Amino acid sequence: DSGVTQTPKHLITATGQRVTLRCSPRSGDLSVYWYQQSLDQGLQFLIQYYNGEERAKGNILERFSAQQFPDLHSELNLSSLELGDSALYFCASRHDDGAGEQFFGPGTRLTVL
Amino acid sequence: DAKTTQPNSMESNEEEPVHLPCNHSTISGTDYIHWYRQLPSQGPEYVIHGLTSNVNNRMASLAIAEDRKSSTLILHRATLRDAAVYYCILRDEGGNLIFGKGTKLSVKP
């Protein structure tokens with residue numbers, strides 16, 4: 001158990017809908033990272049927040065957005081969902097935004113029908 | 001971000017050592033070498049990281065070539081639980097993890 005929690009574990013929705021994925025980092029961790037893992041693209045970095053502020057952006061679509069709240073939990077919002085958005089979404093956390101170990105959550109499996 | 005090259009898959013026998021290679025010929029002086037693994041149906045898990053010197057921890061050893069253009073992750077005694085996809089990643093100080101395809105390790109009893 002990494003100490004990072006993600007909810008929900010599974011999510012099934014229809015095309016065009018909007019969903020919110022939630023991540024609670026390890027106690028005291030200030031950085032939160034979001035990743036998408038699909039069969040064809042592998043694990044891709046989406047976005048990083050550090051202490052409430054966006055720190056880095058990866059391959060995140062404009063339909064997707066994220067935020068980190070004062071209590072340090074983070075939400076990833078996915079809108080106008082398409083079939084290709086079906087994937088595992090992982091959240092990871094670190095105490096700071098340096099180069100060391102990231103702790104990954106168990107992921108949320110999103111299925112878009 | 002600098003790229004890494006790993007074999008798609010490797011096989012090992014239980015209780016034998018495993019050497020997982022990684023080439024990173026375009027590595028820069030400030031790139032750290034990270035290894036993560038992903039067990040089936042789980043999130044990635046940190047294994048080890050290093051910059052120039054060889055590193056050991058309870059999970060594995062990391063051997064880094066003198067020119068830093070390659071590295072090897074060493075599992076000293078493979079167990080069935082070590083079957084996973086192993087990712088070798090280069091990361092700048094303050095940078096983010098850019099995963100490649102990784103090496104799928106199978107462990108035979």
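No lab work stands behind these numbers, since they all come straight from the coordinates. What you see is a predicted model, and the numbers here were worked out from it, not measured in a lab. All Cβ positions, even for glycine, are placed from backbone atoms using ideal geometry, and neighbour counts span all protein chains on display.
For the protein assembly as shown, state the average projected area of the convex hull of the C-alpha atoms over all orientations, rounded to one decimal in nm².
Numbers: hull surface 48.1 nm².
Across all orientations, the protein assembly as shown yields a mean hull projection of 12.0 nm².
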TODO: Evaluate the relative contact order of the range A:8-113 (contact order divided by residue number), counting alpha-carbon pairs under 8 angstrom at least 6 apart; express in whole percent.
DONE: 37
Open item on the list: How many angstrom lie between the Cα centre of the range A:1-31 and the Cα centre of the range B:28-75?
Closed with: 27
Task: Count of lysine pairs in the protein assembly as shown with Cα separation under 25 Å (8 or more residues apart, or interchain) - done: 10
TODO: Please report Rg over Rh for the range B:27-109, where both radii come from the alpha carbon positions and Rh follows the Kirkwood definition.
DONE: 0.96
Open item on the list: Just to confirm the filter: which trypsin sites (Lys or Arg not before Pro) across the range A:1-35 are DSSP coil and have at most 14 other Cβ within 10 angstrom of their Cβ?
Closed with: A:LYS9, A:ARG18
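Averaged across the residues of B:35-43, what count of C-beta atoms belonging to other chains lies within 10 Å of each residue's C-beta? Walk me through the numbers on the way to the answer.
Working: counts 0, 5, 0, 4, 0, 0, 4, 6, 16.
Per-residue shielding by partner chains comes out at 4.
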Task: Range of Cα positions in the range B:1-67 per principal axis (Å), largest first - done: 35, 22, 20
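Just need the relative contact order of chain B here, percent rounded to a whole number, with Cα pairs under 8 Å and 6+ apart. Each step should come with its number before you reach the end.
Working: 268 pairs, mean separation 41.0, N = 109.
Dividing the mean separation by the residue count of chain B yields 38 percent.
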Task: In the range B:1-106, the GluC sites (Glu not before Pro) that fall in loop regions by DSSP, at most 15 other Cβ within 10 Å - done: B:GLU14, B:GLU15, B:GLU66, B:GLU93
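Within chain A, what's the longest run with no GluC sites (Glu not before Pro) in a DSSP loop and at most 12 other beta-carbon atoms within 10 Å? Give the range, please. If you can, show how the numbers build up before the last one.
Details: sites that count: A:GLU62, A:GLU82.
The longest uninterrupted stretch comes out as A:1-61.
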Open item on the list: Test of the criteria: in the range B:4-71, which chymotrypsin sites (Phe, Trp or Tyr not before Pro) are in a DSSP loop and have at most 16 other Cβ atoms within 10 angstrom of their Cβ?
Closed with: none
Task: Rough spin-label spacing in nm, given labels placed 7 Å along Cα→Cβ, for B:HIS19 and B:ASN56 - done: 1.7
- [ ] Multiply the residue separation of A:LEU39 and A:LEU61 by 0.36 nm, subtract the distance between their alpha-carbon atoms, and state the gained length in nm to one decimal.
- [x] 6.2 nm
Open item on the list: Can you tally the net charge around B:THR79? Count Lys and Arg as +1, Asp and Glu as -1, for every other residue whose Cβ sits under 9 Å from the Cβ of B:THR79.
Closed with: -1
